[in-house]
Amino acid sequence: MGEQGVRIGLSAVVIALRDGKACVLTTTGDDGSAALPFGSFDPARDRTFELALRAFVTAQTGFRLGFVEQLYTFGDLGRASPRATPGPEHHREVSVGYLALTDAADDPSLAEARWTPVLDFFPWEDRREGAAACLAALLDGLRAWADGDARRIARIDALFAAAPGQRWNEGQVLERYELLYEAGLVAEAARDQDKAPPPHAPGLPMASDHRRILATGLGRLRSKLKYRPVLFDLMPETFTLSGLQAAAEAVAGLSLHKQNFRRGVERTGLVEATGRLSAATGGRPAELFRVAAGDLSTGEALGLPLPALR
C-alpha cells in the first residue's frame with residue numbers, strides 16, 4: 001500500500017450581525033448544501049496560511065477579511081468530503097479553521113455567497129424564549145440512543161441541562177453537536193455512513209465537517225464574550241445599550257436581564273456616551289454609545305456580563 005500524503009485545507013468561520021441575528025458567511029458545497037469558505041493551501045505558491053485564507057475567501061465570496069484568529073486543526077481520519085484526493089495519491093485532508101468577526105455585513109458580491117443565520121444550523125442552541133422547540137424530540141432520541149447506559153445519560157443531562165440542578169453552558173456548542181452526531185441524530189452522521197438521513201433531523205446540514213467547524217467557532221465566540229470585548233467587533237461605530245444587549249443575546253442564544261446587563265457594561269468602563277440620541281428605536285430616543293478610548297486588544301480589556309434570565 002502506498003504512502004498516504006496530506007492535503008491542507010483552510011476553512012473560515014466569518015460571523016456578523018444582520019437584522020438582529022448572528023450570521024455566518026456561507027457558500028455552496030459540491031453536494032448543494034451550505035459550506036464555509038474553504039480552499040487548499042499550496043506550499044509552493046502560498047507564503048502563509050492566513051494570506052491564502054484571505055485570498056480564497058475574497059475569491060469565493062467577494063468579502064475581504066479583517067482580523068482573524070486560528071480556531072483549531074481538524075485532521076481526524078475519516079473526515080467527510082472533501083474526501084481523499086481521487087487517484088493514486090489518496091491524500092488525507094487536514095483543515096485549519098479560522099474565526100473572523102466583522103461589522104461590515106453587506107450583501108456578498110458573488111451569487112453563491114450569503115449570510116446565513118448561525119442558529120439555523122444549531123436551532124437547539126437558541127434559548128432566548130426558553131428551551132428550543134426541537135429540544136424535546138432531540139432528548140427523546142438521545143435517551144433512546146443511551147439505552148440506559150449511565151455514562152451516556154450523564155453526558156446528555158450535563159450538556160443539555162436535562163436533569164434538575166443542571167445549568168446550560170452556552171459555550172459547549174461543539175460538545176452538543178458531537179453528541180448528536182455520535183447518536184446519529186444529525187444529517188451528517190447518516191451521510192458519512194452512506195445511510196438515509198434521520199427523519200426531522202434538526203438544523204441545516206453542511207458540506208464536509210463544516211458544521212463541526214462552525215460549532216467550534218460559535219462555541220469559541222460565546223466563551224470569549226465573558227473575558228474579551230469581542231462583541232464590539234460586530235458592532236457599528238455607535239450603538240445603543242439595547243442594541244448591544246440584543247447583539248449579545250443573538251450570539252449567546254440567551255435572554256439577558258436588562259438592568260443587570262447595563263450595570264455590568266457600565267462597570268467595565270468599555271463604553272462611553274456620545275452625547276447624541278438615536279431615533280431608530282421606533283419609540284423614545286435612546287442614548288448612543290461608542291467604545292471607550294483604549295486598546296481593546298490588551299490583556300486588561302474585559303468581556304461583557306451575560307446575566308441570563310433563569
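The values are calculated or read from the model by the stated rules, or taken from the named source; none is laboratory data. Since this is a predicted model, take the numbers as computed values, not measurements. When we count neighbours, we look across all protein chains shown, and the Cβ atoms used for this are built from the backbone with ideal geometry, even at glycine.
In the stretch 28-53, what residues are within 22 Å of ASP233 (Cβ to Cβ) and in contact with a strand residue (DSSP E or B) (Cβ under 8 Å, 6 or more places away or on another chain)?
Across the stretch 28-53, the qualifying residues are LEU36, PRO37, PHE49, GLU50, LEU53.
Give the number of residues within the stretch 267-280 that are surrounded by 12 or more Cβ atoms within 10 Å (Cβ to Cβ) and either modelled with pLDDT under 90 or assigned to a loop (DSSP other than H, G, I, E, B) (or both).
3
Show the residue pairs that are 6+ apart or on different chains and have beta-carbon atoms under 7 Å apart, the first residue being within the stretch 194-208 and more than 26 Å from LEU25 (Cα to Cα), the second being surrounded by 19 or more Cβ atoms within 10 Å (Cβ to Cβ).
Taking only residues 6 or more apart or on different chains, the pairs are PRO198/LEU185.
Residues of the stretch 281-310 being basic (Lys, Arg), exposed (fewer than 15 other Cβ atoms within 10 Å of the Cβ) and modelled with pLDDT of 60 or more, which ones? Outline the logic, then answer.
Taking the stretch 281-310 and keeping what is basic (Lys, Arg), we get 284, 290, 310.
Now narrow it down to the ones that are exposed (fewer than 15 other Cβ atoms within 10 Å of the Cβ): 284, 310.
Passing the criteria: only ARG284.
Looking at (1) part of a loop (DSSP other than H, G, I, E, B); (2) touching a helix residue (DSSP H, G or I) at 6+ places or on another chain (Cβ under 9 Å), which is the one condition that is false for ARG167?
It fails just one condition, (2).
Is at least one residue of the stretch 178-193 aliphatic (A, V, I, L, M) and within 15 Å of GLY253 (Cβ to Cβ)? Lay out the reasoning, then the answer.
First pass over the stretch 178-193, keeping only residues aliphatic (A, V, I, L, M): 179-180, 183, 185-187, 189-190.
Next, from what is left, pick out any that are within 15 Å of GLY253 (Cβ to Cβ): none.
No, that holds for no residue.
So if I check each of LEU25, LEU51, which one is modelled with pLDDT of 85 or more, outside the structural domain of LEU254 (by TED's automatic domain parsing), of a type in the set (A, V, I, L, M, F, W, C) and exposed (fewer than 14 other Cβ atoms within 10 Å of the Cβ)?
On the way: LEU25 fails: exposed (fewer than 14 other Cβ atoms within 10 Å of the Cβ).
Among LEU25, LEU51, only LEU51 is modelled with pLDDT of 85 or more, outside the structural domain of LEU254 (by TED's automatic domain parsing), of a type in the set (A, V, I, L, M, F, W, C) and exposed (fewer than 14 other Cβ atoms within 10 Å of the Cβ).
Of everything in the stretch 30-48, what is surrounded by 18 or more Cβ atoms within 10 Å (Cβ to Cβ) and of a type in the set (D, E, K, R)? Give them in sequence order.
Result: ASP46, single match.
Return the residues of the stretch 66-83 that are at pLDDT 50 or above and under 17 Å from LEU214 (Cα atoms); say none if nothing qualifies.
Hits for the stretch 66-83 are VAL68, GLU69, GLN70, LEU71, TYR72, THR73, PHE74, GLY75, ASP76.
From TRP168, TRP124, TRP145, TRP115, grab the single residue that is more than 27 Å from GLY20 (Cβ to Cβ) and touching a residue at least 40 places away in the same chain (Cβ under 8 Å).
Details: TRP168 fails: more than 27 Å from GLY20 (Cβ to Cβ); TRP124 fails: more than 27 Å from GLY20 (Cβ to Cβ); TRP115 fails: more than 27 Å from GLY20 (Cβ to Cβ).
None of the other options fit; the residue is TRP145.
Return the residue satisfying two criteria in turn: it lies in the stretch 84-101 and is within 23 Å of the chain's Cα centre (by Cα) and over 19 Å from GLY219 (Cβ atoms), and of such residues it is modelled with the highest pLDDT. Outline the logic, then answer.
Within the stretch 84-101, the first condition is being within 23 Å of the chain's Cα centre (by Cα), and the residues that meet it are 93-101.
If we keep only those that are over 19 Å from GLY219 (Cβ atoms) too, we end up with 93-94.
Working: GLU93: 74, VAL94: 82.
Out of the qualifying residues, it is VAL94.
Those residues that are acidic (Asp, Glu), surrounded by 16 or more Cβ atoms within 10 Å (Cβ to Cβ) and in a helix (DSSP H, G or I), I need them from the stretch 126-161; list them, please.
Of the residues in the stretch 126-161, the ones acidic (Asp, Glu) are 126, 129, 140, 147, 149, 157.
Of the ones still in play, those that are also surrounded by 16 or more Cβ atoms within 10 Å (Cβ to Cβ) are 126, 157.
Across the stretch 126-161, the qualifying residue is only ASP157.
For residues that are assigned to a helix (DSSP H, G or I) and polar (S, T, N, Q), scanning just the stretch 232-254, find the one that is surrounded by the most Cβ atoms within 10 Å (Cβ to Cβ). Reasoning before the result, please.
Step one: filter the stretch 232-254 for residues assigned to a helix (DSSP H, G or I), giving 232-234, 241-252.
Now restrict to residues that are polar (S, T, N, Q): 242, 245.
Details: SER242: 15, GLN245: 21.
So, considering only residues that are assigned to a helix (DSSP H, G or I) and polar (S, T, N, Q), the one surrounded by the most Cβ atoms within 10 Å (Cβ to Cβ) is GLN245.
Here's the yes/no breakdown for (1) modelled with pLDDT of 95 or more; (2) more than 15 Å from the chain's Cα centre (by Cα):
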{"position": "ARG143", "(1), (2)": "yes, yes"}
{"position": "ARG152", "(1), (2)": "yes, yes"}
{"position": "ALA162", "(1), (2)": "no, yes"}
{"position": "GLN166", "(1), (2)": "no, yes"}
{"position": "GLY171", "(1), (2)": "yes, no"}
{"position": "GLY184", "(1), (2)": "no, yes"}
{"position": "ALA187", "(1), (2)": "no, yes"}
{"position": "ALA190", "(1), (2)": "no, yes"}
{"position": "PRO197", "(1), (2)": "no, yes"}
